[in-house]
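Notes follow once the structure below has been shown.
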Amino acid sequence: MSMVYALENKNESERLERQSLQSAYQLEEELKAIRLTSPQRILDAGCGTGLVARALAEKFPQAKVEGFDYSQERLEYAKSLAQTDRQANIHYFSGSLESIPAGNETYDLITCRYVFEHLTDPLKVLQEFHRLLKPNGQVHIINFDGLFFNLYPLSKELNTLLETIKNKAPADLMVGRKIPSLMKQAGFKEAHWSVTAHGFSDEKLVQEQKMNEERLGFAVPLLAQVFGSETQAQRFKKLYIEEMMQPGSTLFYNKFIVQGVK
Ligand SMILES: C[S@@+](CC[C@H](N)C(=O)[O-])C[C@H]1O[C@@H](n2cnc3c(N)ncnc32)[C@H](O)[C@@H]1O
């Protein structure tokens, strides 16, 4: 099974920026719970186009903010979006989250948003965050749980395809609920969490339909490996979009916000 990012596509940077304009994905609410008042060094892990890094550069003007991701393309895009001096001072560097090239006890705060479902070894990444944090440093993780699965009703055919994804896809779409327990295993002395359901109806449903058309379109190469053919991947995309838009259907995602203290 391929290890590339499931949504790898030349248009993924633009999609990530547009996604955060929608109410279910708003950053401000997600970052409110950060408890530190004056962190000096901050790492946004899996920063993509730098949405969180830019927000933190404004929120904590005294801090040195860094963004890390394995996509050079998204990091270049992130740099091009800087609008203030603080944002222009963000240092972006690339590599894999399983082995981040930075010394022990470097950061006061590590953020990681919408990344965990893509990780093959989330415990290893949390151990890496633990290594990189100063004593009493904090990690702030934002991740959905149940993406694609909390849709009702489901046809038998779509249900079978979703079960195949659950069993065979390298992405773990139920990872949100697992993060607090993994954090404890990784050695964090505290793990606090909250969860909020985001439902999609009316205008929000139409916006989410557009998001899912893009996500599922970008994920076709990976879904083709999961289902064994591109035809089945396209079939899944078509059925999912049709069924989420059926009158009377319900669709919701649970958003976990998890904070760990080293
Ligand atoms: C859904 S995007 C989220 C980006 C950004 N945090 C945001 O909130 O918009 C996930 C990002 O994680 C990165 N990523 C996924 N797995 C990674 C890994 N093992 N190492 C480094 N980056 C990774 C991808 O390249 C992608 O940019």
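As a summary of the residue check, ALA45 satisfies the conditions (1) touching a residue at least 24 places away in the same chain (Cβ under 8 Å); (2) open to solvent by 80 Å² or more (accessible area, probe 1.4 Å); (3) closer than 19 Å to ALA6 by Cα except for the one numbered (2). GLY48 passes every criterion in (1) at pLDDT below 95; (2) under 29 Å from LYS168 (Cβ atoms); (3) among the small types (Gly, Ala, Ser) apart from (1).
Of the residues in the stretch 78-120, how many are hydroxyl-bearing (Ser, Thr, Tyr), open to solvent by 70 Å² or more (accessible area, probe 1.4 Å) and either within 13 Å of the ligand (Cβ to nearest atom) or part of a loop (DSSP other than H, G, I, E, B) (or both)? Break it down stepwise before answering.
So the first thing to find is which residues in the stretch 78-120 are hydroxyl-bearing (Ser, Thr, Tyr), and the list is 80, 84, 92, 94, 96, 99, 106-107, 111, 114, 120.
If we keep only those that are open to solvent by 70 Å² or more (accessible area, probe 1.4 Å) as well, we get 80, 99, 120.
Checking which are either within 13 Å of the ligand (Cβ to nearest atom) or part of a loop (DSSP other than H, G, I, E, B) (or both) leaves us with 99, 120.
Matching residues across the stretch 78-120 total 2.
Here LYS178 passes the criteria (1) more than 30 Å from LEU205 (Cα to Cα); (2) of a type outside the set (Val, Ile, Thr); (3) part of a helix (DSSP H, G or I) except the one numbered (1).
Within the group LEU161, LEU123, LEU173, which residue is touching a residue at least 60 places away in the same chain (Cβ under 8 Å) and touching a Phe, Trp or Tyr at 6+ places or on another chain (Cβ under 8 Å)? Break it down stepwise before answering.
On the way: LEU123 fails: touching a Phe, Trp or Tyr at 6+ places or on another chain (Cβ under 8 Å); LEU173 fails: touching a residue at least 60 places away in the same chain (Cβ under 8 Å).
After ruling out the rest, the residue left standing is LEU161.
To keep it simple, each residue is scored yes or no on (1) at pLDDT 95 or above; (2) in contact with a strand residue (DSSP E or B) (Cβ under 7 Å, 6 or more places away or on another chain).
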position: TYR114; (1), (2): yes, yes
position: LEU119; (1), (2): yes, no
position: VAL125; (1), (2): yes, no
position: PHE129; (1), (2): yes, yes
position: PRO135; (1), (2): yes, no
position: GLN138; (1), (2): yes, yes
position: ILE142; (1), (2): yes, yes
position: LEU147; (1), (2): no, yes
position: LEU151; (1), (2): yes, yes
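Regarding the stretch 6-24, can at least one residue be identified that is within 25 Å of LEU132 (Cα to Cα) and either surrounded by fewer than 16 Cβ atoms within 10 Å (Cβ to Cβ) or within 13 Å of the ligand (Cβ to nearest atom) (or both)? Talk me through it step by step, then tell me what you get.
Of all residues in the stretch 6-24, those within 25 Å of LEU132 (Cα to Cα) come to none.
No, that holds for no residue.
Quick check on my filter: what residues within the stretch 32-77 are hydrophobic (A, V, I, L, M, F, W, C) and within 11 Å of the ligand (Cβ to nearest atom)? Even if it seems obvious, please write down each step before you answer.
Filtering the stretch 32-77 for residues hydrophobic (A, V, I, L, M, F, W, C) gives 33-34, 36, 42-43, 45, 47, 51-53, 55-57, 60, 63, 65, 68, 75.
Within the stretch 32-77, ALA45, CYS47, LEU51, VAL52, ALA53, ALA55, PHE68, LEU75 qualify.
Limited to the stretch 213-262, what total is found for residues that are among the aliphatic types (A, V, I, L, M), out of contact with any Asp or Glu (no Cβ under 7 Å at 6 or more places or on another chain), under 19 Å from SER155 (Cβ atoms) and assigned to a helix (DSSP H, G or I)? Residues meeting the conditions: 5.
The values are calculated or read from the model by the stated rules, or taken from the named source; none is laboratory data. Everything numeric here is computed off the predicted structure, so don't read it as measured data. With ideal geometry, Cβ positions are generated from the backbone for all residues, glycine too; neighbour counts draw on all protein chains shown. We work out accessible area using only protein heavy atoms, side chains counted, and drop any ligands, DNA or RNA first. Shrake-Rupley method; radii C 1.70, N 1.55, O 1.52, S 1.80 Å.
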